[in-house]
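Below you'll find the structure, written out as structure tokens, and then a few comments.
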Amino acid sequence: MATTNTKTNYPALYTLIVVFFFWGFIAAGNSIFIPFCKHYFDLDQFQSQLVDFAFYTAYYVGALLLFIFSSVSGKDLVGRWGYKKSIVYGLLFSALGAAAMIVAVEINTYLGMLLGLFIVALGFSLQQTAANPFAILLGDQKTGASRVNLGGGINSFGTTIGPLIVAFALFGTAASVTDEEIAGLALNKVIYLYVGVGLLFIAAAALFYFSKKVPEGKSDEKIEKSNKAIRILVVMTLLLGVMFTPVFNSYKSDDANKIEQLETQLSSETDEAQIAQLKSDINQIREPLEQKRMMWLGGALLVVLGGLAFAGFSASKSSEGWGAMQYPQLILGMIAIFVYVGVEVAIGSNLGDLLRQPEFGGHSASDIAPYISMYWGSLMIGRWAGAISAFDFLKDQKKFLLIIVPLIAFTVIIGVNTIAGKDMRPLYYYIICVLIQIVMFFISRDRPAMTLFIFGIFGTAAMVIGLMTQGNLAIYAFLAGGLACSIMWPSIFSLALMGLGKYTAQGSAFLVMMILGGGIIPPIQGKLADIIGIHSSYIVPVLCFVYLTIFALVVKSILRKQGIEVDELETGAEFIEEIGQ
């Protein structure tokens with residue numbers, strides 16, 4: 001495989017970024033799909049979050065299987081197939097998932113739809129494993145980061161318009177659809193959506209396969225042995241199954257059936273005394289049942305955190321067999337990616353139910369699309385601004401672009417939604433949050449530890465404000481979580497991989513596996529919402545941002561002990577002096 005190309009293969013690059021769009025489009029569209037499924041199938045908040053569980057757990061399972069197969073053979077499986085064929089295989093696998101979704105909708109089963117989403121995301125896992133190194137291969141390696149950032153920008157555009165397209169597919173041209181009308185909607189609208197998605201997957205696969213401009217991208221990279229790391233990951237996977245199984249089974253238990261019977265009686269009861277008694281009976285059964293479910297979900301979280309802590313502790317005693325896990329910055333980084341993806345998805349996926357509450361506007365399911373679009377669009381705003389550093393601009397040009405690019409991205413989000421017929425006036429003042437983010441970009445100045453620290457504090461503060469307030473202020477605060485998350489991925493990656501040497505590729509694979517956080521943290525918040533309410537459940541994102549802020553400080557200390565200098569925190573006076581230059 002060639003290591004450098006002085007000339008960028010733009011036809012191949014433009015073909016490649018199509019898959020980046022798909023990842024964002026489908027993932028953000030789930031935020032609309034979740035509240036729709038919740039009402040249509042009469043689910044609680046935890047059950048509706050299983051959309052995320054199926055989707056993001058598939059990333060973990062796919063990456064783990066690829067890693068195990070590659071470790072057994074001693075060679076990178078994706079590299080042996082070639083990046084081009086791997087992406088084609090991934091697209092076709094996702095198309096198979098779309099077909100499974102269609103079949104599930106035909107027989108009207110929520111479980112089948114979750115299986116379809118799982119298969120779609122398995123394909124995405126393979127695509128993502130191949131696409132990032134492939135983007136670097138398609139030109140000079142020195143400008144490889146700019147091509148990856150371009151893909152990230154397109155991915156974020158997909159997250160911005162995904163909710164709008166999914167909302168249109170489900171609700172048509174109606175400006176607003178009531179909950180009662182949602183219950184009467186035919187699921188064949190989901191069929192039309194996934195027929196279109198499946199055809200797009202097949203078309204993209206054909207485009208890749210038959211394009212002579214797209215190179216094979218084969219690699220014979222050797223995989224470093226790490227048998228102990230494989231064992232701990234397999235054990236964690238099995239234990240996660242043990243933890244989630246009782247939660248799933250509890251929805252078919254005698255207590256769950258009794259609650260359903262009492263709720264049926266309650267819906268037809270008119271006597272106030274009898275209504276009060278029925279509610280009391282339901283609560284007496286539900287409270288211990290929900291606490292038991294929460295205990296098992298907490299166990300699932302403990303499996304991940306405890307498993308990684310055990311790996312780090314064991315590797316510190318003897319590094320043999322642990323591979324990249326012998327480095328504490330990677331272990332902490334894996335937890336950081338787990339938490340980051342979890343909080344990013346949890347905020348957006350629970351936002352739909354939050355907006356339905358009277359104190360947050362009492363929006364119908366079809367009216368939340370602009371807010372979901374703005375949340376995921378906030379990620380686009382940050383990533384577009386973050387991509388500026390990948391290009392060779394003069395200092396003054398860079399300062400100007402750091403101001404204007406986020407404002408342009410904000411305008412794009414407003415414009416796209418306005419064209420779609422959505423009332424964006426309630427979100428005009430959200431530009432204040434964007435201006436705050438611009439200031440943070442100037443403070444952080446492309447330094448990974450500083451960037452993660454500043455944006456972690458911002459995310460924590462935003463979530464706390466959202467918890468303590470209601471109405472538009474709280475909505476803005478929760479939406480600002482997207483701005484906080486927007487540039488965390490590359491910062492965490494760069495800090496976690498520093499100093500890994502020959503284990504860098506393996507460490508990257510471990511970090512990708514931790515996308516699993518998107519499948520575990522949102523359901524935990526969903527179940528907590530069932531117990532203490534959707535608004536109070538946003539304490540989960542607060543805790544996530546607190547960890548990410550602490551990680552920025554701790555990993556910096558770890559790297560210094562290894563003789564690796566990272567960016568320095570500076571005083572406000574030093575920052576002001578530099579900006580004035």
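The set of residues in the stretch 428-474 that are over 30 Å from LEU495 (Cα atoms), open to solvent by less than 80 Å² (accessible area, probe 1.4 Å) and either aliphatic (A, V, I, L, M) or in a helix (DSSP H, G or I) (or both) comprises TYR430, ILE431, LEU467, GLY471, ALA474.
Across the stretch 542-570, the qualifying residues are those that are among the small types (Gly, Ala, Ser) and farther than 26 Å from VAL464 by Cα, and the one among them that is modelled with the highest pLDDT is SER557.
Whether a residue is in contact with a Leu (Cβ under 9 Å, 6 or more places away or on another chain), open to solvent by 10 Å² or more (accessible area, probe 1.4 Å) and in contact (Cβ under 8 Å) with a residue 12 or more places away in the chain was assessed, and GLU344 passes this test. Pairs linking a residue in the stretch 240-262 that is open to solvent by 60 Å² or more (accessible area, probe 1.4 Å) to a residue that is assigned to a helix (DSSP H, G or I), with Cβ atoms under 6 Å and 6 or more positions apart or on different chains, are ASP255/ILE285; ASP255/LEU289; LYS258/ILE285.
The set of residues from the stretch 347-365 being outside any loop (DSSP other than H, G, I, E, B), in contact (Cβ under 8 Å) with a residue 40 or more places away in the chain and either surrounded by fewer than 24 Cβ atoms within 10 Å (Cβ to Cβ) or of a type outside the set (S, T, N, Q) (or both) comprises ILE347, GLY348, LEU351, GLY352, ASP353, LEU354, LEU355, GLU359, PHE360, ALA365. Applying the set (1) open to solvent by less than 30 Å² (accessible area, probe 1.4 Å); (2) out of contact with any Asp or Glu (no Cβ under 9 Å at 6 or more places or on another chain) to ALA420 leaves exactly one unmet item: (1).
Within the stretch 200-215, residues that are part of a loop (DSSP other than H, G, I, E, B) sit with their Cβ atoms under 6 Å from residues that are open to solvent by 50 Å² or more (accessible area, probe 1.4 Å) and not small (Gly, Ala, Ser), at 6+ positions apart or across chains, in these pairs: LYS213/PRO11. Under the condition of being open to solvent by 10 Å² or more (accessible area, probe 1.4 Å) and in contact with a Ser or Thr (Cβ under 9 Å, 6 or more places away or on another chain), which residue from the stretch 10-19 is nearest to LEU207 (Cα to Cα)? The qualifying residue nearest to LEU207 (Cα to Cα) is THR15.
Within the stretch 72-83, the set of residues being open to solvent by 10 Å² or more (accessible area, probe 1.4 Å) and either touching a helix residue (DSSP H, G or I) at 6+ places or on another chain (Cβ under 6 Å) or among the small types (Gly, Ala, Ser) (or both) comprises SER73, GLY74, ASP76, LEU77, TYR83. If the condition is being modelled with pLDDT of 85 or more, within 16 Å of THR129 (Cβ to Cβ) and more than 13 Å from the chain's Cα centre (by Cα), then the stretch 508-539 contributes PHE510, LEU511. Residues that are of a type in the set (Val, Ile, Thr) and without any contact (Cβ under 8 Å) to a residue 12 or more places away in the chain were ranked within the stretch 84-126; the one that is least open to solvent (accessible area, probe 1.4 Å) is THR109. Against the list (1) modelled with pLDDT under 80; (2) surrounded by 24 or more Cβ atoms within 10 Å (Cβ to Cβ), the condition HIS39 fails is (2).
With respect to ILE413, is the statement that it is in contact with a helix residue (DSSP H, G or I) (Cβ under 6 Å, 6 or more places away or on another chain), of a type outside the set (D, E, K, R), closer than 25 Å to VAL464 by Cα and open to solvent by less than 50 Å² (accessible area, probe 1.4 Å) true? The answer is no for ILE413.
Here's the yes/no breakdown for (1) in contact (Cβ under 8 Å) with a residue 12 or more places away in the chain; (2) closer than 29 Å to LEU240 by Cβ; (3) of a type outside the set (Gly, Ala, Ser):
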residue	(1), (2), (3)
LEU473	no, no, yes
CYS485	yes, yes, yes
ALA496	yes, yes, no
ILE564	yes, no, yes
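Of the helices (runs of 4 or more DSSP H) lying entirely inside the stretch 26-88, those containing at least 2 residues that are closer than 23 Å to ILE202 by Cα are 50-73, 77-81.
Considering each residue of the stretch 46-62 in turn, at least one proves to be closer than 30 Å to ILE532 by Cα, open to solvent by 30 Å² or more (accessible area, probe 1.4 Å) and in contact (Cβ under 8 Å) with a residue 24 or more places away in the chain.
Total residues in the stretch 182-229 satisfying the condition of being over 30 Å from GLN506 (Cα atoms), open to solvent by 70 Å² or more (accessible area, probe 1.4 Å) and at pLDDT below 75: the figure is 1.
The values are calculated or read from the model by the stated rules, or taken from the named source; none is laboratory data. Note that the structure is predicted; figures quoted are calculated from it, not measured. Note that each Cβ is placed from the backbone with ideal geometry, even for glycine, and that neighbours are counted across all protein chains shown. Heavy atoms of the whole protein, side chains included, go into the accessibility calculation; ligands, DNA and RNA do not. Shrake-Rupley method; radii C 1.70, N 1.55, O 1.52, S 1.80 Å.
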